[in-house]
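Single-structure report; data block below.
The values are calculated or read from the model by the stated rules, or taken from the named source; none is laboratory data. Remember, it's a predicted structure, so these values are computed and weren't measured experimentally. Using ideal geometry, Cβ is built from the backbone for each residue, glycine included, and neighbour counts are taken over all protein chains shown.
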Amino acid sequence: MNSLYLELELLSPVAITARSATVGGHESLTWIPGGQLLGATAAALLRSQDAALPDEIWRILLSGEVSFGDAWPEIDGQPAPCAPLSLHRPKGAEDPIYNLVIAKRAGKGQLEQVRDLHISGNRHVVQPRRGHTLRTAIGEHGRAREGFLFGIEALDAGQRFLARIDATDPDLLKRVRSCLDGREITVGRSRSAEFGHVAVRVREPWPEPERGEIGERLVLWAISDLALRDLRSGAPRLQLTPADLGLSDDWEVLWEQSFVRTRRYSPFNGKRLRPDLERQVLRPGSVLVLEGPGLDPDEARRLRERLRAGIGEHVQEGFGRIVVNPLLLAGGDLELTRPQPMRPSGEAPMPDDVLGRWLRDRRTALNRGLGAEHHAREMVQSMQRWKIKPSQWGEIRRLAREARFRSGGEGWLRAQIESFLSHGARLHVWPREARETLIEKVRAATPDIVERASTMLARQQEARP
């Protein structure tokens, strides 16, 4: 099997609907399904000048020779699929973590599944960041349509995800690489708005999750959706059988030790602008336990290869990928690295355009305003012990405001305030120490600081009884 390893960086929020219901709150997946990468590849193939042959397009997109795996959150250079559903913890607590495939439930109090985390093969966990926004539909007159308020939950921008694409033919994989590597693609819903922009690049392979030996007991960890179908009736099936794995009827699924979740949805087809047929699948994180007569080394190798490539339907979208006997589930109690919120990869450079320059000026003004506020409060603390009338501070504020519009405003303001304090009755209104302190502060301040401080002092004096 030939593999292509990709890194996806979210340039904007990405909203991928977890279910096809049109009522109720919108819930976004915490990963990017492989079908989104398949769709981006299809779009690139169809609009490329070097048009692919219909047979090549069919082999890449529909035959199952190429499997576009899900993109999972990245942590420490490894993908982190959904945590196995056999992991439980005391309700309302973070620790300890029990693996109920091995551990017994009795005596551990009320437990809950660990559903909100993603876990890598080295037991590091991460919790992808999601945000929620409210939107409204716009009517034909440019106004909000009544009754069309809706919410969108989306993965926050700046996070990174890792995906693996497998192919039986290396030439097909090269073709896929030319469609994705170094490109910006759009995925998910609301792509015509600000959602769904993703940068894709090829990266070095990462290690596979550690696995134990295969004996008479199989523990299967589903790291993608699993779509099964009954061959007799043609109906979707949500119960795994040994035959799905290529095993004999001597094997048995131990449902009392297995943990599964399901979902149903209808993927939206962007070409036809219509939903596809409804799918009923086992969700990633499902854990299934089987017992049987055991496998020899060759049979065990073939089983691992089969499950790595995917079983069931829609393998071209990365469905059916399963890890056999992961060491993660070999023990009863687990010690996991505490979850860390996913952070953006770095601060994006400010664009050098009209909007970027306006934002820089606004930030500079904001920082200047915060500094002026700090110095103004220091000036207030120095002057508030003297009971100077609000009218006096009002005159100081008028001079400071006028100085802001004069050339050499700071020097003009100092001269005006010194003149204001040294004539007439103000010599009696302003104590000598107060005059000297104010003149000293004005010499080290800008007109903006003096205006802010005089406003604060006037309000303080007005509030005094």
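Say whether the condition of being within 25 Å of the chain's Cα centre (by Cα), of a type in the set (S, T, N, Q), within 25 Å of GLU27 (Cβ to Cβ) and part of a strand (DSSP E or B) is met by at least one residue in region 271-294. Among the residues of region 271-294, not one is within 25 Å of the chain's Cα centre (by Cα), of a type in the set (S, T, N, Q), within 25 Å of GLU27 (Cβ to Cβ) and part of a strand (DSSP E or B), which makes the answer no.
Residues considered: ARG237, ARG229, ARG263. Of these, the only one that is charged (D, E, K, R) and closer than 30 Å to SER192 by Cα is ARG263. Determine if region 425-437 includes at least one residue that is surrounded by fewer than 18 Cβ atoms within 10 Å (Cβ to Cβ) and under 17 Å from ALA403 (Cα atoms). No, because not a single residue in region 425-437 is surrounded by fewer than 18 Cβ atoms within 10 Å (Cβ to Cβ) and under 17 Å from ALA403 (Cα atoms).
Of these, ALA93, ALA83, which one is in the same structural domain as SER258 (by TED's automatic domain parsing) and buried (at least 17 other Cβ atoms within 10 Å of the Cβ)? Within the list ALA93, ALA83, the selection yields ALA83. Could you list all residues from region 40-74 that are out of contact with any helix residue (DSSP H, G or I) (no Cβ under 8 Å at 6 or more places or on another chain) and under 20 Å from ARG321 (Cα atoms)? Scanning region 40-74 gives TRP72, PRO73, GLU74. When the residues of region 246-262 are narrowed to those that are part of a loop (DSSP other than H, G, I, E, B) and within 32 Å of the chain's Cα centre (by Cα), which ends up surrounded by the most Cβ atoms within 10 Å (Cβ to Cβ)? The residue in question is SER258.
The number of residues in region 263-311 that are under 29 Å from VAL187 (Cα atoms), surrounded by fewer than 18 Cβ atoms within 10 Å (Cβ to Cβ) and in contact with a Gly (Cβ under 7 Å, 6 or more places away or on another chain) comes to 2.
Are any residues in region 306-328 part of a helix (DSSP H, G or I), under 18 Å from ALA163 (Cα atoms) and not aliphatic (A, V, I, L, M), and if so, which ones? Matches in region 306-328: ARG308, GLN316, GLU317. ALA243 passes every criterion in (1) surrounded by fewer than 17 Cβ atoms within 10 Å (Cβ to Cβ); (2) within 21 Å of the chain's Cα centre (by Cα); (3) of a type in the set (A, V, I, L, M) apart from (2). Taken over region 105-147, the criterion of being surrounded by 12 or more Cβ atoms within 10 Å (Cβ to Cβ), closer than 30 Å to SER286 by Cα and among the basic types (Lys, Arg) is satisfied by LYS108, ARG115, ARG123, ARG129, ARG130. Filtered by the rule that a residue be among the polar types (S, T, N, Q) and not in a helix (DSSP H, G or I), region 370-398 gives a lone residue, GLN384.
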